[in-house]
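The values are calculated or read from the model by the stated rules, or taken from the named source; none is laboratory data. Note that this is a predicted model, so its numbers are computed, not measured. Neighbour counts are summed over all protein chains in view; Cβ atoms, including those assigned to glycine, are modelled from backbone coordinates with ideal geometry.
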Amino acid sequence: MIILRMEVGMILTNCYIVGCEKTREAAVIDPGGDAAAILRAAEQHQLKITHIINTHGHVDHIGANRRIKEETGAELIIHEADAEMLTSAGRNLSLFSGVLVTGPAADRTVKEGDVIKVGETVELEVIHTPGHTAGGMSLKAVVDGKTVLFVGDTLFYGSIGRTDFPGGSYRQLIESIKKKLLIYDDDTLVYPGHGPYTTIGFERRNNPFLT
């Protein structure tokens, strides 16, 4: 599996390009901005974007959806509980940022346990991890026998996602982390929506919100 990380947009959202080494098909996870740079990175690595996946519906994670979809025809995917955020500037918080972002609507909505297949070798299992938003989700993949998790704004290095936006719940977020993410081995890599990568073991031992 190919994993490329880019920081995009005004608040440096982590955007991941996850590709199949055999077919060169790829998914873009959380294209929050800088569409041209994302498309250029895919081209430089000879990857064809076939999927756009939003871990949740906030503007800093969906900002480049439209252009990437228009230029690639990729399937746009989000959890069913956050689908309305894609087409509503109020719900995705762009209304309050001064730059309205709406549409396109999802081509496909997913729920807990669904699997998104990219090419022949990439399988991303949906883990519903609400708390930051009602439809926040993480994606589980296996790379060389080891689990990796793309967690959006659910869990960060030494911290957790905000819960003071509409649809947020601190209780729900902590429950999502403890029951859905901390069940994995200590060496499980965690790729968050902002900031550096971490591991489940490090967060289990050191995250002040989880002790």
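Values computed for the structure shown
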{"quantity": "Qualifying residue in the range 158-165 (condition: touching a strand residue (DSSP E or B) at 6+ places or on another chain (Cβ under 8 Å) and touching a residue at least 12 places away in the same chain (Cβ under 8 Å))", "calculated": "yes"}
{"quantity": "Any hit, the range 19-39, residues being surrounded by fewer than 20 Cβ atoms within 10 Å (Cβ to Cβ) and of a type in the set (G, A, S)", "calculated": "yes"}
{"quantity": "Unique residue being touching a His at 6+ places or on another chain (Cβ under 9 Å) and surrounded by 15 or more Cβ atoms within 10 Å (Cβ to Cβ) when the list is I127, I116", "calculated": "I116"}
{"quantity": "Qualifying positions in the range 67-87 - among the charged types (D, E, K, R) and either touching a Phe, Trp or Tyr at 6+ places or on another chain (Cβ under 7 Å) or over 22 Å from G19 (Cβ atoms) (or both)", "calculated": "E80, D82, E84"}
{"quantity": "Failed item, numbered, when V59 is tested on (1) among the β-branched types (V, I, T); (2) in contact with a strand residue (DSSP E or B) (Cβ under 9 Å, 6 or more places away or on another chain); (3) buried (at least 20 other Cβ atoms within 10 Å of the Cβ)", "calculated": "(2)"}
{"quantity": "Residues of the range 143-162 satisfying the condition of being buried (at least 17 other Cβ atoms within 10 Å of the Cβ) and farther than 16 Å from V126 by Cα", "calculated": "F156, I160, G161"}
{"quantity": "Condition met for L210 (over 20 Å from I29 (Cβ atoms), aliphatic (A, V, I, L, M) and either surrounded by 14 or more Cβ atoms within 10 Å (Cβ to Cβ) or modelled with pLDDT of 95 or more (or both))", "calculated": "yes"}
{"quantity": "Matching residues, the range 64-98, being buried (at least 24 other Cβ atoms within 10 Å of the Cβ), touching a strand residue (DSSP E or B) at 6+ places or on another chain (Cβ under 8 Å) and assigned to a loop (DSSP other than H, G, I, E, B)", "calculated": "A64"}
